[in-house]
Amino acid sequence: MEPEESYSVARFQKDAYREIEAIHQQGKIPLLVGGTMMYFNALMHGLAELPDADPQIRADLDGEMLQHGLHALHKQLAAIDPYAAARIHPNDAQRIQRAIEVWRITGQSLTALQAKAQAQMPTYRFVQFGIAPADRKILHERIAKRFHQMLEQGFVDEVEELRSRPFLDKSMPSMRCVGYRQIWDYLEGIDTYDEMRHKGIVATRQLAKRQLTWLRSMSELHWIQLETSIEKALEIIQPLVFD
């Protein structure tokens with residue numbers, strides 16, 4: 001892929017299923033490694049085909065919220081989709097409106113559409129592991145070390161080359177990734193080198209924190225501390241994978 005291209009969750013799901021099936025056909029076990037939890041969630045639980053936003057319905061919902069309040073919209077959602085209402089915080093206006101909008105457009109609840117997507121998924125068994133150090137200080141030290149290494153290995157030169165492409169700008173998804181946007185600002189003279197380096201490390205730490213929060217919400221995930229020996233880790237992994 002070129003950085004000018006967009007890569008959606010739906011496209012990832014399709015590509016990943018194709019590769020998973022190809023690996024299975026070889027009699028091997030696919031190993032998926034990464035940190036984009038939303039993409040993993042789509043693989044494991046399906047991705048509902050939801051309608052595009054409807055400007056008129058959005059305007060109607062905005063008017064209803066102004067007139068009756070967000071609590072009334074959440075109560076309305078509870079009547080048409082109690083499971084979604086239980087998942088969505090009563091103060092999350094965007095998600096409440098989207099769930100109601102989906103129901104008004106399709107006549108089906110968001111929960112029903114998501115369940116339908118899950119029912120159509122290939123029947124793979126996912127065994128989930130999370131690896132993290134016991135002390136968050138170690139994680140922060142590793143993040144800083146890794147970012148310094150990336151800079152030493154030519155990260156700035158890479159972004160400088162990307163900036164020269166005529167159809168690429170910093171508003172594109174690829175350039176909004178952690179590290180790229182900080183270096184882009186540095187090359188534009190917005191930040192000094194030290195400011196860029198600091199912001200890149202801080203942004204990476206914030207990303208890691210969000211990833212850990214998502215991982216902790218995954219009830220079937222098995223944690224392995226980074227300090228665990230290979231032998232001990234295998235004792236944990238093998239019975240779960242080969243059961």
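The values are calculated or read from the model by the stated rules, or taken from the named source; none is laboratory data. Here the structure is a predicted model, which is why all the values come from computation and not from measurement. Ideal geometry is used to build each Cβ from the backbone, glycine not excepted, and the neighbour counts take in all protein chains shown.
Scanning segment 20-66 for residues that are under 28 Å from residue 115 (Cβ atoms), polar (S, T, N, Q) and surrounded by fewer than 12 Cβ atoms within 10 Å (Cβ to Cβ) returns a single hit, 56.
Looking only at segment 188-204, residues that are over 19 Å from residue 137 (Cβ atoms) and surrounded by fewer than 16 Cβ atoms within 10 Å (Cβ to Cβ) come to 7 in all.
Just so you know, in segment 53-63 the residues that are part of a helix (DSSP H, G or I) and not β-branched (Val, Ile, Thr) include one that is farthest from residue 17 (Cα to Cα), and it is 63.
For segment 205-234, the set of residues classified as closer than 20 Å to residue 140 by Cβ, in a helix (DSSP H, G or I) and either among the β-branched types (Val, Ile, Thr) or in contact with a strand residue (DSSP E or B) (Cβ under 7 Å, 6 or more places away or on another chain) (or both) consists of 212, 213, 215, listed by residue number.
Residue-by-condition table, conditions (1) part of a helix (DSSP H, G or I); (2) within 23 Å of residue 176 (Cα to Cα); (3) touching a residue at least 24 places away in the same chain (Cβ under 8 Å); (4) among the hydroxyl-bearing types (Ser, Thr, Tyr):
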site	(1), (2), (3), (4)
11	yes, yes, no, no
14	yes, no, no, no
20	yes, no, yes, no
33	no, yes, no, no
39	yes, yes, yes, yes
51	no, no, yes, no
67	yes, no, no, no
72	yes, no, no, no
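Condition check for residue 91 on (1) closer than 29 Å to residue 20 by Cβ; (2) free of Cβ contacts under 8 Å to residues at least 24 places away in the same chain: one failure, at (1). Condition (residue is closer than 20 Å to residue 165 by Cβ, of a type in the set (Val, Ile, Thr) and more than 24 Å from the chain's Cα centre (by Cα)) applied to segment 186-207: is it met by at least one residue? Within segment 186-207 (the criterion being closer than 20 Å to residue 165 by Cβ, of a type in the set (Val, Ile, Thr) and more than 24 Å from the chain's Cα centre (by Cα)), the answer is yes, since at least one residue qualifies. Do we find that residue 183 is in contact (Cβ under 8 Å) with a residue 12 or more places away in the chain, more than 24 Å from residue 38 (Cα to Cα), under 24 Å from the mean Cα position of the chain (by Cα) and surrounded by 13 or more Cβ atoms within 10 Å (Cβ to Cβ) in this structure? Yes; evaluated as a whole, the condition is true for this residue. Out of 153, 211, one residue alone is in contact (Cβ under 8 Å) with a residue 60 or more places away in the chain and among the polar types (S, T, N, Q). It is 211.
For the structure I just gave you, tell me whether residue 76 is surrounded by fewer than 17 Cβ atoms within 10 Å (Cβ to Cβ), over 18 Å from the mean Cα position of the chain (by Cα) and not assigned by TED's automatic domain parsing to the domain that holds residue 169. Criteria not met by residue 76.
May I ask you to list the residues in segment 23-40 that are closer than 17 Å to residue 213 by Cβ and out of contact with any helix residue (DSSP H, G or I) (no Cβ under 8 Å at 6 or more places or on another chain)?
36, 40
Scan segment 99-136 for residues that are within 19 Å of the chain's Cα centre (by Cα) and modelled with pLDDT of 90 or more and the total you get is 7. Candidates are the residues of segment 79-105 that are surrounded by 15 or more Cβ atoms within 10 Å (Cβ to Cβ) and either touching a strand residue (DSSP E or B) at 6+ places or on another chain (Cβ under 7 Å) or of a type in the set (Val, Ile, Thr) (or both); the one that is nearest to residue 217 (Cα to Cα) is 88.
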